[in-house]
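Participant: Next up is a structure, given as structure tokens.
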Amino acid sequence: MKFLSFKNFLKALLFLFSILIIILVVSGISYWAIDNVQKKNNLMDIEEYSPVTSLVVDQNKIIRSKYPFVDVHSHQWDMSYTNLKRLVSEMDSLNMGFMINLSGSGLATFVGNQSLMDLNLEKSLTNVKQNFPDRFGVFVNIDFKKIDNRDFAKNSVNIIRNAVENGAIGLKVYKDLGLSIKDAFGERVKVNDSRLDPIWKVCGELNIPILIHSGEPSPFFDPVDKYNERWLHARQKPGSFRPSNKYPSFKTVMDEQFKMFKNHPNTTFINAHMGWMANDLDKLEDHLNKLPNVYTEIGAVIGELGRQPRRARKFFIDYQDRIMFGKDTYKKSEFDVYFRVLETSDEYFDYYRKRHGLWKMYGLNLPDEVLKKLYYKNALKLFPSINKQLFE
């Protein structure tokens, strides 16, 4: 067998490099030509299209809420080490009196390391107590993937009791319960799995709320086609969608959650994101009417409310004692849209994230007493440890 000489090897390498250069040049010319054709024919992607309205209407941008508020749905993943002083400064600028961090046990919750979860929670609670005990509340988290362990229920109950004794004010349940968590037999763990009953029961005994996120927005379970109003979300975040060959239906998950709420009337639940029923407020009304132990919050669904201002306004007035303010992902620059939808009568203004909906927002102009209940009064009922003087 003859081997290539070094000279021939260099020639072959140079030839391949030349081919690569030609391909890159041709590709570049092709992209340039396509781009120019698109510009010439005024073609663009929906993500690029950002028309400036010619509509002349009131513009009341609000960067600070009318009344101080409690954000019952926030995530501070590194609160163990976070500079709380800087965070409090931002909260003050928004008029946020109190923030509830639902992720007290940190990212270790998703890794499934209970020791790290306990350590993160301990450090988060210590950081709050030593710096700003009147401004933050911390929730505990449970690793439901340990459901097959013989002492799962007993250990979970002990974790919750210890957390509350150390200052935790609630339990947060993530969306993987009911969607992706499976037991040792490969079966999906349902939201209303009886093995979880001791957890819900002890929260009722300790008088701490459970904020639970079940499922996803209903379009996430639908076919991703031209009829799906969250198509852009599917394009940008395809992992958010729940195809039927891998996940249960939206209705299945919601029915399981309803049964769990119904089976534990002595436990207070906060159904996160308005239970993903902000696009069907008649259904949410029925839900709340049948479940007096359930509250809800508006995290990540202000886009649904702002596109139906008359119906949403009526709902907030009718159920003013059951709804709280929540934002979910913490980003200071995004709160203004919440304030504007809730407090003004503005018309036809933009939401801050296009993939959540291509529609425009309209203000609900809620009455002052409804705003006060939404912003802080309802939260003070559920969390009596919050310093009421912050809201006087």
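Participant: Can you give me the number of residues within the range 354-392 that are assigned to a loop (DSSP other than H, G, I, E, B), in contact (Cβ under 8 Å) with a residue 40 or more places away in the chain and closer than 22 Å to Met99 by Cβ?
Facilitator: Counting residues in the range 354-392 that are assigned to a loop (DSSP other than H, G, I, E, B), in contact (Cβ under 8 Å) with a residue 40 or more places away in the chain and closer than 22 Å to Met99 by Cβ gives 5.
Participant: If a residue has to be at pLDDT below 95 and buried (at least 19 other Cβ atoms within 10 Å of the Cβ) to count, how many in the range 352-392 make the cut?
Facilitator: Total meeting the criteria: 1.
Participant: Is it true that some residue in the range 124-144 is under 30 Å from Asp255 (Cβ atoms), in contact with a helix residue (DSSP H, G or I) (Cβ under 9 Å, 6 or more places away or on another chain), of a type in the set (Lys, Arg) and modelled with pLDDT of 95 or more? Spell out the reasoning first.
Facilitator: Our first condition is that a residue be under 30 Å from Asp255 (Cβ atoms); within the range 124-144, this holds for 139-144.
Keeping just the survivors that are in contact with a helix residue (DSSP H, G or I) (Cβ under 9 Å, 6 or more places away or on another chain) gives 139-144.
Then keep just the ones that are of a type in the set (Lys, Arg); that gives none.
No, because not a single residue in the range 124-144 is under 30 Å from Asp255 (Cβ atoms), in contact with a helix residue (DSSP H, G or I) (Cβ under 9 Å, 6 or more places away or on another chain), of a type in the set (Lys, Arg) and modelled with pLDDT of 95 or more.
Participant: Now for a different question. Output the residues belonging to the range 335-351 that are more than 17 Å from Gly299 (Cα to Cα) and either crowded, with 19+ Cβ neighbours inside 10 Å or within 20 Å of the chain's Cα centre (by Cα) (or both). If you could, list the steps in order and put the result at the bottom.
Facilitator: We begin by selecting, within the range 335-351, every residue more than 17 Å from Gly299 (Cα to Cα); these are 344-350.
If the condition is that a residue be more than 17 Å from Gly299 (Cα to Cα) and either crowded, with 19+ Cβ neighbours inside 10 Å or within 20 Å of the chain's Cα centre (by Cα) (or both), then Thr344, Asp346, Phe349, Asp350 are the ones that fit.
Participant: For the range 306-337, which positions are among the small types (Gly, Ala, Ser) and free of Cβ contacts under 8 Å to residues at least 12 places away in the same chain? Walk me through it before giving the result.
Facilitator: Let us first name the residues in the range 306-337 that are among the small types (Gly, Ala, Ser), namely 306, 312, 326, 333.
The answer is none; no residue qualifies.
Participant: Take the range 58-92 and flag every residue that is part of a loop (DSSP other than H, G, I, E, B), in contact with a helix residue (DSSP H, G or I) (Cβ under 8 Å, 6 or more places away or on another chain), surrounded by fewer than 19 Cβ atoms within 10 Å (Cβ to Cβ) and free of Cβ contacts under 8 Å to residues at least 60 places away in the same chain.
Facilitator: Within the range 58-92, Ser80, Tyr81, Thr82 qualify.
Participant: Determine, yes or no, whether Phe144 is touching a residue at least 60 places away in the same chain (Cβ under 8 Å) and buried (at least 19 other Cβ atoms within 10 Å of the Cβ).
Facilitator: On the way: touching a residue at least 60 places away in the same chain (Cβ under 8 Å): no; buried (at least 19 other Cβ atoms within 10 Å of the Cβ): yes.
Taking the combined requirement at face value, the residue does not satisfy it.
Participant: Now for a different question. Working only within the range 93-108, note down all residues that are polar (S, T, N, Q) and part of a loop (DSSP other than H, G, I, E, B). Step through it out loud before you land on a result.
Facilitator: Of the range 93-108, the ones polar (S, T, N, Q) are 93, 95, 101, 103, 105.
Those that are polar (S, T, N, Q) and part of a loop (DSSP other than H, G, I, E, B): Asn95, Ser103, Ser105.
Participant: Restricting attention to the range 314-334, and to residues there that are crowded, with 20+ Cβ neighbours inside 10 Å and out of contact with any Ser or Thr (no Cβ under 8 Å at 6 or more places or on another chain), which single residue is nearest to Asp280 (Cα to Cα)?
Facilitator: So the residue we want is Phe315.
Participant: Given the residues Ala184, Ala153, which is the only one that is of a type in the set (A, V, I, L, M), out of contact with any Phe, Trp or Tyr (no Cβ under 9 Å at 6 or more places or on another chain) and either assigned to a loop (DSSP other than H, G, I, E, B) or at positive phi (or both)? Lay out the reasoning, then the answer.
Facilitator: On the way: Ala153 fails: either assigned to a loop (DSSP other than H, G, I, E, B) or at positive phi (or both).
Just one listed residue meets the conditions, Ala184.
The values are calculated or read from the model by the stated rules, or taken from the named source; none is laboratory data. Computed from a predicted structure; not experimentally measured. Note: ideal-geometry Cβ built from the backbone for every residue, glycine included; neighbour counts use all protein chains shown.
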